[in-house]
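The structure that follows is given in the form of structure tokens.
Derivation of every value follows stated rules applied to the coordinates shown; laboratory data play no part. Quick caveat: nothing in here was measured; it's all calculated off a predicted structure. Glycine also receives a Cβ, built like all others from the backbone with ideal geometry; neighbour counts cover every protein chain displayed.
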């Protein structure tokens, strides 16, 4: 990767860690902060993730492991509550780059797409529905709720992406780096056990 893309990735990584931005907005913010034109070639998400890991190692090594643990425990609570919908954890909390400013992303694989929403209503959970781009580029429903995380003294955004049960078949294929892009309830329990 050329030095300009590396510099953009490093600036974006700081925005991800310090401001809780997602990768896309962080890359755009990096361009703006660096005074670069909007058409500048951007680093890919893998490069930003590597830069996030480097930034965490340099500046957050003393706090990030406990923050990640707290977010994974919060994810576990919600995954257990939503177990009937085959929840899978994705994003920074799954990949280990989450900090106290990160949101939790759960992917639900439902027999009936409305069943997860009905379950939240039945349990009187306040949420905001919206449509987002799914892991295959398709439009999927996302149910966003605010969950207190007492260990971090913050309220965390928990995003429930609702997929059809059949989407689970290809969902566990390794990513470009050979990693599982999301983890089941059992996989998260194992991560927490291995600590």
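At 222 nm, what helix-only mean residue ellipticity would the chain give, in deg cm²/dmol to the nearest 500, using -39500 (n - 2.57) for each DSSP H run of four or more?
Taking each H run of at least 4 residues, the total per residue is -14000 deg cm²/dmol.
What angle, in degrees between 0 and 90 and rounded to the nearest 10, separates the Cα long axis of helix 64-81 from the longest principal axis of the Cα atoms of the chain?
In the chain, helix 64-81 runs at an angle near 30 degrees to the longest axis.
Sticking with this structure for a sec: Would the range 85-149 count as rounded, prolate or oblate if I go by the C-alpha gyration tensor, calling it rounded below 1.5 in a/c and otherwise prolate when a/b exceeds b/c, oblate otherwise?
Because a/c hits 1.5 or more and a/b fails to exceed b/c, the range 85-149 counts as oblate.
How far, in nm, would the chain grow between residue 114 and residue 172 when pulled straight, counting 0.36 nm per residue and subtracting the alpha carbon separation?
Result for the pair: 18.6 nm of gain on full extension.
Using only the alpha carbon atoms of the range 40-84, find the Kirkwood hydrodynamic radius as the inverse mean reciprocal pair distance, in angstroms to one decimal.
Computed over Cα pairs of the range 40-84, the Kirkwood hydrodynamic radius comes out at 12.7 Å.
Of the peptides 30-37, 14-21, 173-180, 112-119, how do they stack up when ordered by the mean number of other Cβ atoms within 10 Å, highest first?
Packing order, densest peptide first, comes out as 14-21, 112-119, 30-37, 173-180.
Write down the percent of antiparallel bridges among all DSSP beta bridges whose residues are both part of the range 64-194, to the nearest 5.
Beta bridges within the range 64-194, antiparallel portion: roughly 75 percent.
So what are the range 16-153's ellipsoid semi-axes, whole angstrom, largest first, if each one is the square root of 5 times an eigenvalue of the alpha-carbon gyration tensor?
29, 20, 12
How far is helix 3-19 tilted, in degrees, relative to the longest principal axis of the Cα atoms in the chain, given as a value from 0 to 90 rounded to the nearest 10?
Approximately 50 degrees, to the nearest 10.
If you don't mind, there's one more thing I want to ask. How do the peptides 142-148, 75-81 rank, highest first, by the average count of neighbouring beta carbon atoms within 10 Å per residue?
75-81, 142-148
Angle, helix 185-194 long axis vs. longest principal axis of the chain, Cα atoms, 0 to 90°, nearest 10?
Tilt of helix 185-194: around 60 degrees.
Under the rule a/c < 1.5 gives rounded, and otherwise a/b versus b/c splits prolate from oblate, where does the range 128-195 land using the Cα gyration tensor?
Cα axes put the range 128-195 in the oblate bin.
A follow-up question, please. Can you figure out the FRET efficiency of residue 136 with residue 77, using R₀ = 41 Å and their beta-carbon distance, to the nearest 0.05?
0.90
Under the rule a/c < 1.5 gives rounded, and otherwise a/b versus b/c splits prolate from oblate, where does the range 78-186 land using the Cα gyration tensor?
Verdict is oblate for the range 78-186.
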